[in-house]
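Everything below concerns the one structure shown next.
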Amino acid sequence: MLLKELAKQAFGRKDEECVARFLKEKGFDRCNNDTAQYNLLQEKCKQWKKEILLWDSNTFIYGINGWNFDITVCRMTLPKQERNWIEYLYYTALLTLVNNWDINDWNILIEHGDNNFDIFQWDFDIDSYVELNKEQWLNELKCYREQSWERYKKYKKSHKEYIKYDESMKKNYPEYDVILEYLVQNTKECDVVRMNSDADNVIWYFAKDADSLYVTYISDCM
């Protein structure tokens with residue numbers, strides 16, 4: 001089955017609760033407002049990372065539409081059995097999202113109480129699933145960088161007093177370039193699907209080559 005069709009089957013058409021429902025089916029909703037549940041989820045995520053995560057990187061640069069443009073990229077091993085692809089996509093999406101969470105991020109789940117898995121919900125319209133090749137995918141990531149840099153230069157001219165933010169950008173734009181270079185050097189010819197959630201300026205890319213799955217999560221929100 002094509003990667004685009006697998007993504008549609010996994011994440012649905014306007015089925016924003018699919019990953020949240022997957023977590024509930026795995027038993028992570030049995031202890032509402034109980035930290036034990038979330039400790040267990042943290043441990044499970046650590047276990048899943050050891051099993052399938054090969055490489056990861058994240059950074060943020062000046063926002064194109066929002067305050068900051070956050071990007072996380074994870075390289076995963078491919079599933080051992082074809083029949084596990086849907087569940088595998090849920091695991092990879094979850095791991096990419098929580099990969100760099102700190103204790104404050106995990107505490108958000110506890111604070112949400114009965115709606116604790118809302119954070120894992122996305123609304124993908126049927127028209128948001130777009131097939132790309134490797135060159136198109138990487139060109140889009142490069143274009144984001146260029147758009148961000150042009151906006152940042154304008155911002156910097158009128159906000160010279162924000163020295164700490166400028167120091168972050170001096171570090172983060174090179175980090176973004178390192179991510180791009182890694183993908184250029186390591187990805188083979190691949191099938192790519194882009195999924196957009198325009199309401200939140202969230203973009204996902206799933207890229208599958210002969211050896212790995214690359215998951216890119218972008219948030220450009222206010």
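The values are calculated or read from the model by the stated rules, or taken from the named source; none is laboratory data. Quick caveat: nothing in here was measured; it's all calculated off a predicted structure. Don't worry about glycine lacking a Cβ; one is built from the backbone with ideal geometry, like all the others, and counts go over all protein chains shown. Heads up: the accessible areas ignore ligands, DNA and RNA and are worked out on the full protein's heavy atoms, side chains in. Shrake-Rupley method; radii C 1.70, N 1.55, O 1.52, S 1.80 Å.
Only one of the numbered conditions (1) open to solvent by 10 Å² or more (accessible area, probe 1.4 Å); (2) in contact with a strand residue (DSSP E or B) (Cβ under 8 Å, 6 or more places away or on another chain); (3) under 30 Å from K156 (Cα atoms); (4) modelled with pLDDT of 95 or more is not met by N201, and that is (4). Only residues that are within 18 Å of the chain's Cα centre (by Cα) and among the charged types (D, E, K, R) were counted in segment 174-196, giving 4. Condition check: open to solvent by less than 10 Å² (accessible area, probe 1.4 Å), among the β-branched types (V, I, T) and at pLDDT 70 or above. Does I86 satisfy that? In short, no. When you look at K170, is it modelled with pLDDT of 90 or more and in contact with a Cys (Cβ under 6 Å, 6 or more places away or on another chain), yes or no? No: the conditions fail for K170. Would you be able to say whether some residue in segment 158-176 is under 16 Å from G63 (Cα atoms), among the aromatic types (F, W, Y) and outside any helix (DSSP H, G or I)? Within segment 158-176, one or more residues are under 16 Å from G63 (Cα atoms), among the aromatic types (F, W, Y) and outside any helix (DSSP H, G or I). Hey, does segment 172-188 have a residue that's touching a strand residue (DSSP E or B) at 6+ places or on another chain (Cβ under 8 Å) and of a type in the set (K, R)? The answer is no, given that none of the residues of segment 172-188 is touching a strand residue (DSSP E or B) at 6+ places or on another chain (Cβ under 8 Å) and of a type in the set (K, R). Of everything in segment 187-215 that is small (G, A, S) and in a strand (DSSP E or B), the residue that is farthest from N58 (Cα to Cα) is S197. Any idea which of E140, E189 is at negative phi, among the charged types (D, E, K, R) and surrounded by fewer than 14 Cβ atoms within 10 Å (Cβ to Cβ)? Selected residue: E189, the only one of E140, E189 that is at negative phi, among the charged types (D, E, K, R) and surrounded by fewer than 14 Cβ atoms within 10 Å (Cβ to Cβ). Of all residues in segment 123-132, at least one satisfies being at pLDDT below 85, among the aliphatic types (A, V, I, L, M) and in a helix (DSSP H, G or I). When restricted to residues that are part of a strand (DSSP E or B) and not acidic (D, E), segment 49-104 contains 18.
Does V184 satisfy the criteria of being within 14 Å of T216 (Cβ to Cβ), outside any helix (DSSP H, G or I) and out of contact with any Ser or Thr (no Cβ under 8 Å at 6 or more places or on another chain)? In short, no. Annotation: K160 fulfils all but one of (1) of a type in the set (D, E, K, R); (2) touching a Lys or Arg at 6+ places or on another chain (Cβ under 8 Å); (3) farther than 27 Å from V130 by Cα; the unmet one is (2).
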